[in-house]
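Here the structure is laid out as structure tokens; the discussion comes afterwards.
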Amino acid sequence: MEIKELKEEFFAFLAFLAISARNCVEEPKLYGPLRLVDGASRLIEILKKGGIEDHFFQEIKEKIDQKKYTVMGDRNQFIQFLDDLTKDFSKKLKGEE
């Protein structure tokens, strides 16, 4: 990916973050965490397009993309997904993966 394209992707990501922040003012409380994990997925995609690929990042992105919309139907399942995601990062940080 060229620098110009990467900048455009990054700009779109920053716009997503800014708009999400504004929308969180009036949206239901659980939409904030949804937007954060969606942002993480988008950032991983930008890194991939920029030539930065990582197996752990890809696994996290897949998990996020599969489970982020559980927030719409099952609050407890969404919270469990967030707990599991936190555990994945914790294990990675501890070098257990």
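Listing for the model above:
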{"item": "Of Glu62, Glu26, Glu45, the one that fluctuates the most in a GNM where the chain has Cα springs shorter than 10 Å", "result": "Glu26"}
{"item": "The stretch 43-57 and the stretch 79-94: distance between their alpha carbon centers, rounded to Å", "result": "19"}
{"item": "Equivalent ellipsoid dimensions for the chain as semi-axes, Å, which come from the Cα gyration tensor, largest first", "result": "23, 21, 10"}
{"item": "For the stretch 4-19, 3J(HN,Hα) per residue [Karplus equation, 6.51 cos²θ - 1.76 cosθ + 1.60, θ = phi - 60°, Hz, x = Gly/Pro]", "result": "4, 5, 4, 4, 5, 4, 5, 4, 4, 5, 4, 4, 4, 5, 5, 5"}
{"item": "Ellipticity estimate at 222 nm from DSSP helix runs (n ≥ 4, -39,500 (n - 2.57)) divided over the chain, nearest 500", "result": "-25500 deg cm²/dmol"}
{"item": "Student exercise, the chain dipole from Lys, Arg, Asp, Glu Cβ charges, in Debye to nearest 20", "result": "260"}
{"item": "Using a Förster distance of 41 Å, the FRET efficiency for Ser90-Ala12 (Cβ separation, nearest 0.05)", "result": "0.85"}
{"item": "Efficiency of FRET between Lys63 and Lys29 - r from beta-carbon atoms, R0 30 angstrom, step 0.05", "result": "0.85"}
{"item": "Most mobile of Lys67, Lys49, Lys29 in a GNM of the chain (Cα contacts under 10 Å)", "result": "Lys29"}
{"item": "Signed unit charges on C-beta, dipole axis of the chain, positive-most listed residue Gly95, Ile60, Leu17", "result": "Leu17"}
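Each reported figure results from applying straightforward, stated rules to the coordinates on display, with no laboratory input. Because the structure is predicted, anything quoted here is derived from the model rather than measured. A quick note on method: Cβ atoms are made from the backbone with ideal geometry, for glycine too, and the neighbour counts reach across all protein chains shown.
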